[in-house]
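Reviewing the structure listed below.
Every read-out reported here was derived from the displayed coordinates using simple, explicitly stated rules and does not represent laboratory data. Because the structure is predicted, anything quoted here is derived from the model rather than measured. Cβ: placed from backbone, ideal geometry, glycine included. Neighbour counts: every protein chain shown.
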Amino acid sequence: MSYQLNIEMFGKIKKAKVEVSPLTFFVGDNNSGKSYLLTLLWGLQTQNLVWVLTRNIEKIDKKHYQDVYHRIKKFITETKKMGAEISFDAKEFEALINQLLMENRNMFVRKLFNSESMSIGKLSIEIIKQNKIILRMHEVEHETSCLVDYKGSSAGVRAQGNEPFVNVLLAFIVQRILNGGLNFLYRNIYFPASRTGFFLAKDSINQTGREKTFTLQLDDEEEKIEPFTMPILNFINRLDADNIDRKGKRYEEICDFIENEVVHGKVVRGDDTQNKVEYIPSSQDIALPMRTSSAIVTELVPLLIILKSSRQIKQLCYEEPEMCLHPELQLQMARILIQLANLKTNVIATTHSDIILQHVNNMCRLAEFKKPDELMERYGLTKKDCIRFKDVSVYQFTNEGEYSSVKKLEPDEDGFHIPTFTNALLNILEQTTDIQEYEEQED
């Protein structure tokens, strides 16, 4: 993400400023807004949702983007030579983006959460990384269009109906900046905390039926049943047979690690007629259906399915990755998250696991050593298990009455110190000490 996200009055969150790193953690109190913010970040990286934020671009006062508007308009009306180009800095579009965010913010979160009751007080960004946007004249089927190049990827844009071409281009550029490029839905994954239940029940709910029943239509005033948010719908649909590409190899080593070291068995698919997911324990050859498999298996099978079937995941939003995991396996999950981040998959996770954060601290410190080979060999680690402090962000969420605060934590030489974990451990230590002392007094 090339910008800092600023929000106010969003659910329990009074105010927050967040910049996503390759590995980002949200820690803190229950019911403090962590999942709300995680859902919002997922939505901003989802192409078929972010267009909502560019609605009514023609209503925005041009004083906020007068220069880029006139430069683009002049370029597309006066340039005749194919291949001619013009460049901008992404920062030049910041004022326009923030006006659009304020104009469409409530519609966006209502669509994202599938609820008319959702609202957000303020939504804005601050562009912090310099990235060039290049427009290049292009011809497709005798129609003049523009190629928009941003962060190394290009996409063609053509006029749409009666919409002024300059507005079409501006809306497309805004979307590219917000979602970091063309980020298709299957490259942005959200793992909800209740993923096991959704996974086991997904085949009982017809996909077409769930889309019609559980998706809020922007222009539909009819009251609907709205139990699922958009990222949860995406998660369920992503597990369906016709949405799964079997050619993914990028995450093969991580999948092997999960099967060999965590679930101790293979996850396979049945025949093409049913295409059911089954689990074969390492100790036997008989495949077990998911409903008879252990909690650790059903917890991690969705991750395995998506990793095995994906060429590349740009962003992985993970609620409580420690769910159902023994402390030793929480450490292994921390390894998995780091390895994903090192494969250029941005990982954003909510967590209550001090073990996961301590392992991340350890791997950050290990990455700073000049000669870590002996330690790495002792613990069976490789360079893929290490990550640097600069690539990790941790945000503490704290309930403060009606609202919660969000604070970015900075590491010291020992790593990140997490108040929410430290305070809980100190409280239980104090209680243990008091009980021991009280027992001694009775004796």
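If one takes the longest principal axis of the Cα atoms in the chain, at what angle in degrees, from 0 to 90 and to the nearest 10, does the Cα axis of helix 66-78 lie? Around 60 degrees separate the two axes. Note on Glu402 and Gln431: their simple-model spin labels are 3.1 nm apart, each label 7 Å out from Cα toward Cβ. The Cα atoms of the stretch 49-182 give a gyration tensor whose axes a ≥ b ≥ c have a/c of 1.5 or more with a/b greater than b/c, which makes the shape prolate.
Toward the positive end of the charge dipole of the stretch 49-182, with +1 on the Cβ of Lys and Arg and -1 on the Cβ of Asp and Glu, the farthest Cα among Val168, Val50, His138 is that of Val50. Each label point was placed 7 Å from the Cα along the Cα-to-Cβ direction; for Lys62 and Lys122 their separation is 2.9 nm. An ellipsoid equivalent to the chain, defined through the eigenvalues of its Cα gyration tensor, has semi-axes of 40, 27, 24 Å when rounded to whole angstrom and sorted largest first.
Fewest Cβ neighbours within 10 Å first, please rank Asp385, Asp373, Asp149 accordingly. Could you put the intermediate results ahead of the total?
Working: Asp385 20, Asp373 10, Asp149 17.
Placing the least packed residue first, the sequence is Asp373, Asp149, Asp385.
In the chain, the longest principal axis of the Cα atoms and the axis of helix 419-442 are about 20 degrees apart.
Using a/c under 1.5 as the rounded threshold, could you call the stretch 10-114 rounded, prolate or oblate? The axes a ≥ b ≥ c are square roots of the C-alpha gyration tensor eigenvalues, and prolate needs a/b larger than b/c, oblate otherwise.
On the way: a/c = 2.68, a/b = 2.15, b/c = 1.25.
Prolate.
Quick check: from the Cα gyration tensor, does the stretch 367-443 come out rounded (a/c under 1.5), prolate or oblate? In terms of gyration-tensor shape, oblate. With loop membership from DSSP and a limit of 15 other Cβ atoms within 10 Å, the longest segment of the chain without chymotrypsin sites (Phe, Trp or Tyr not before Pro) is 185-368. Ordering Asn361, Gln332, Ile76 by Cα displacement along the dipole of the chain toward the positive end leaves Ile76 in first place; charges were set at the Cβ atoms of Lys, Arg (+1) and Asp, Glu (-1).
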